[in-house]
């Protein structure tokens, strides 16, 4: 198993939420959403997502919404650009980690709409285990 170090994402000072994307394994991208996600935040962070995707071939995407509390409805349309970018990069598998039913439904609907395979998890550890990845630090 590949070991990786997980750090809990925290919102930056002056914002209500945060979105961070990083490569965490061979061709595996992790996007972590925390707090309240706005349309503007989703649009702003899409460039970071695209730059990480640009380094990978046929990536797998883990979207971790464990610490997502709420989101603006308009963030969904901004988020659809993320799914398009992922699909265009050759990605086909989304591992969705969320306990927030509205967020899970929105992400799964967009993912199915662009033809992605979606697996849902209640816990990030389960998603990582299914890919043979293991965090070094407890989340």
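List of remarks:
- Against the list (1) crowded, with 20+ Cβ neighbours inside 10 Å; (2) touching a strand residue (DSSP E or B) at 6+ places or on another chain (Cβ under 6 Å); (3) at pLDDT 90 or above, the condition residue 103 fails is (3).
- Scanning the range 32-47 for residues that are surrounded by fewer than 21 Cβ atoms within 10 Å (Cβ to Cβ) and either more than 12 Å from the chain's Cα centre (by Cα) or closer than 17 Å to residue 131 by Cα (or both) yields 35, 36, 38, 39, 40, 43, 44, 47.
- Residue in the range 77-99 that is farther than 21 Å from residue 130 by Cα, at pLDDT below 95, in a loop (DSSP other than H, G, I, E, B) and in contact with a strand residue (DSSP E or B) (Cβ under 8 Å, 6 or more places away or on another chain) present: no
- One residue from 71, 83 being more than 16 Å from residue 21 (Cα to Cα) and crowded, with 16+ Cβ neighbours inside 10 Å: 71
- Checking each residue in the range 44-76 for being in a helix (DSSP H, G or I), touching a helix residue (DSSP H, G or I) at 6+ places or on another chain (Cβ under 7 Å) and more than 16 Å from residue 25 (Cα to Cα) picks out 46, 50, 74, 75, 76.
- Scanning the range 106-127 for residues that are under 11 Å from residue 60 (Cβ atoms) and surrounded by 13 or more Cβ atoms within 10 Å (Cβ to Cβ) returns 116, 119, 127.
The values are calculated or read from the model by the stated rules, or taken from the named source; none is laboratory data. No experiment lies behind these values; they were computed from the predicted model shown. Neighbour counts are summed over all protein chains in view; Cβ atoms, including those assigned to glycine, are modelled from backbone coordinates with ideal geometry.
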